[in-house]
Amino acid sequence: MVTSPNPEAPVPLTALSRWYLYAIHGYFCEVMFTAAWEFVVNCNWKFPGVTSVWALFIYGTCILIVERMYLNLRGRCPVLVRCFIYTLWTYLWEFGTGLLLRQFNACPWDYSQFRYNFMGLITAEYAVPWFCASFIVERLVIRKTLLLRFHKGPEDGWSQHGAVAGGGTRRERSMGWETNANGYLKVE
């Protein structure tokens, strides 16, 4: 068995965990953006924000790919160039996912009413909002998410729950089992 020098060292979030956070962030921003848009365009004080469940997959995957771009480009080009690249990627991703969903009559957006739209799937009018969103995603969401860690130490709130000092309940220890700090069984 290989052990690390500090078994309680914080562990980075998995790609799936980061995808989940990015999906929730995108979903929330979509609802807030559509609510603000409805207010600006129609002066609707109800702020009805809408989106589709497809947005979870679309935003989660898109931002996870932007994260990879960020990690590869951060030392090579300035932030504004990176945001331009992210914006181009966002347009490509929006067009691709929209085209795929349209094949199943499931595309939740239609930009046909915009003057500079392409096939109703993307529109140039959203270039500045997408650019600003790219900046926020890199500087706040991705950078902060990459700093998050799973911690399996005694401060996690679960370590002493139902356990005796030494790792695990008496029965688990008598059978040669231990639990790690977050309560999961560790069998060797």
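Tabulated values for the structure
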{"item": "For the range 48-112, convex hull volume per residue from C-alpha positions, Å³", "result": "111 Å³"}
{"item": "Förster radius 22 Å - calculated FRET efficiency between ASP110 and ASN42 (Cβ-Cβ, nearest 0.05)", "result": "0.80"}
{"item": "For ALA23, net neighbour charge (Lys/Arg +1, Asp/Glu -1) across residues whose Cβ lies under 13 Å away", "result": "-1"}
{"item": "Cα-Cα pairs of the range 12-150 separated by more than 21 Å (percent)", "result": "45 percent"}
{"item": "Highest average packing first - 21-33, 98-110, Cβ atoms within 10 Å", "result": "21-33, 98-110"}
{"item": "Neighbour net charge for PRO108 - beta-carbon separation under 13 angstrom, K R +1, D E -1", "result": "-2"}
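Laboratory data are not the source of any read-out in this text; all were calculated from the coordinates shown. What you are looking at is a predicted structure, and each value in this text was computed from that prediction instead of being measured. All Cβ positions, glycine included, derive from the backbone under ideal geometry; neighbour counts span all protein chains shown.
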